[in-house]
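Here is the structure we will look at, set down as structure tokens.
No value in this document is a laboratory result; all are computed from the given coordinates. Nothing here was measured: the structure is a model prediction, and the numbers come from that model. All Cβ positions, even for glycine, are placed from backbone atoms using ideal geometry, and neighbour counts span all protein chains on display.
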Amino acid sequence: MTVRVRFAPSPTGPLHIGGVRTALYNYLFAKQHQGAFILRIEDTDQTRFVPGAEEYIREALAWCGIPPDEGVEQGGEYTPYRQSERKDIYQQYAQQLLDGGFAYYAFDTSDELNEMRERLQAEGKNPQYDAASRMTMKNSLSLSEEEIKEHINSGVPYVIRVRTPEDEDIQLADLVRGNVTVHSSTLDDKVLLKSDGLPTYHLANVVDDHLMKITHVIRGEEWLPSAPLHVLLYHYLGWEENMPEFAHLPLLMNPDGKGKLSKRSGDRFGFPVYPFDWENPQSDEVSPGFREGGYLPEATVNFLALLGWHPGDDEELFSLEELVTAFSLERVNKAGAKFDIEKAKWFNQQYLKEMSDAALAEHLLKDLSDNGLESNQEKAEQVCGLMKERVTFPQEIWSTAQYFYQPPKQYDEKMVRKKWKPEASDALLAYAEALEGSEEKLSAENAKQQLQQVLEDRQIGLGKVMPALRLALTGQGGGPDLMSTMEVLGRQEVISRIRQAVMSLAVN
Ligand code: GLU
């Protein structure tokens, strides 16, 4: 058996980060079994269609490095992979269900449906269209042959509903949740084909999973309540032999463990819940994304992989390849996974410090040009090399270390009060003079030697002068190795910044 799994999002808005995790688990499972990972776009609900959402989904998978093997872009043996282009296929299966007595026409208007719900509610019954209530409604089970024909011929709109059994246990062996048994009386007679002839999610999903030879349905737990109906449809359509296995993944929960992670949680807790920035076409409101927030794709993937899956030991850092080997559905947790953005930041830091200076320099060069500054590649790489252990996001290199490109505009006041003393200031002036006396290219080494010489001559300790020197050069109290910072700044810049600081801070 060749493993075939699918990620089947509906393009109704930006892909939620939980959706990215679902896609990732599908990808890992497929690759581990040398199987196929399929992207199917479930867009039969035209009323919820959002322009740009499909492209967003495809781009998100590409960014994570988990491209589908088959799908809307790649094509494949089971094309088309967009459900709106498969409309004709579904009708035939709805017909098969009708012919077998597993589905029926329902002619009820929305007023009649509301009345039914109110009536059942008042009677203290389950207010749904189901085995108990269907004979009180207007459908091809309750009406006579003639009435049915008349309704259809006179163009009364109808839907096709599934006929759920009255008294049966429906069983499903879920790879994450174990055996799940649901009694059929809790199910309702869901609409399979709408009055416009388009299938609902349930019919289209089951038909396509079957036709596309899907072997494992790996999806979010919010679909678990639909699974018994899907199992029922496999039986009704005579496909139980090839029914896929199910694995329902735990929900992503808010950091406080209360409630599902949602767009609102992102707004409330101030972190992204989407892979990319998303501009709502209706409101122009922009929801922040991981990518624009400076999260690296490798870090995001690693973070998501561990949200709900446990590798079995304490190892946390996994490349995508390592994940493919290590992943297993058996070690996916049943309990919801708490979304911990601090963990995401930690992963980012780990991956960022492993990035090459050249790759990081690309980010810095862009930030520089956005701020109207220029830099050469070599200097940008040196700056990144010095900064990468100290930041979580690439954009922080620019925001915390602008002093590599501009003299400090102000000096950290607290540090000035504590560390800028006359003797330090005098020593710095002497150091500037000493530096001026040489033509040699300033290096961390010779800068240090010269500083030591000056301090020795003046009988003043390094600890008294270094913080002041840092203040003069960067305006800050902390930062990367100071001698290396000087090497990047260059002799003339260092001299001029010392002089500038001595002048500006003289009044202290
Ligand atoms: N179209 C559904 C969604 O938007 C697919 C659920 C499934 O994977 O069956 O998530």
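Could you tell me the relative contact order of region 334-468? Use alpha-carbon pairs under 8 Å, at least six residues apart, and round to a whole percent.
Once divided by the residue count of region 334-468, the mean separation gives 21 percent.
From the cross-link list 87/213; 125/190; 418/464; 338/388, which pairs have alpha carbons spaced over 21 Å apart?
338/388
Can you give me the angle between helix 444-458 and the longest principal axis of the chain, using Cα atoms only, in degrees from 0 to 90, rounded to the nearest 10?
The answer is roughly 40 degrees.
When the Cα centres of region 111-157 and region 313-364 are compared, how far apart do they sit, in Å?
53 Å
Taking a ≥ b ≥ c as the square roots of the eigenvalues of the Cα gyration tensor of region 247-301, is the shape rounded (a/c under 1.5), prolate (a/b larger than b/c) or oblate?
Oblate, because a/c is 1.5 or more while a/b does not exceed b/c.
To check you understand DSSP bridge types, tell me what percent of the beta bridges within the chain (both residues inside) are antiparallel, rounded to 5.
55 percent
Write down, largest first, the equivalent ellipsoid semi-axes of region 1-52 in whole Å, where each equals the square root of 5 times an eigenvalue of the alpha-carbon gyration tensor.
For region 1-52, the semi-axes come out at 25, 12, 6 Å.
Give me the percent relative contact order of the chain, please, defined on Cα pairs under 8 angstrom at least 6 residues apart.
11 percent
Mean separation of Cα pairs under 8 Å and 6+ residues apart, divided by the residue count of region 291-408: what relative contact order is that in percent?
Normalised by residue count, the contact order of region 291-408 is 27 percent.
Which trypsin sites (Lys or Arg not before Pro) does region 1-66 hold that lie in a coil by DSSP with at most 16 other beta carbons within 10 Å?
none
Based on the Cα gyration tensor of region 158-208, what are the three equivalent ellipsoid semi-axes, each the root of five times an eigenvalue, rounded to whole Å and given largest first?
Computed over region 158-208, the values are 25, 15, 6 Å.
Grab the Cα-Cα distance for residue 260 and residue 241, subtract it from 0.36 nm times how many residues apart they are, and report the gain in nm with one decimal.
Answer, rounded to one decimal: 3.3 nm.
Once you sort the root eigenvalues of the Cα gyration tensor of region 186-331 as a ≥ b ≥ c, which label holds: rounded (a/c under 1.5), prolate (a/b larger than b/c) or oblate (the other case)?
Oblate, since a/c reaches 1.5 and b/c is not below a/b.
Report, please, the projected area of the chain averaged over directions, based on the convex hull of its C-alpha atoms, in nm².
31.7 nm²
Order these by the 10 Å Cβ neighbour count, fewest first: 77, 54.
Ascending number of Cβ neighbours within 10 Å: 77, 54.
Using the number of other C-beta atoms within 10 angstrom as an exposure proxy, rank 129, 403 with the fewest first.
In increasing order of surrounding Cβ atoms, one gets 403, 129.
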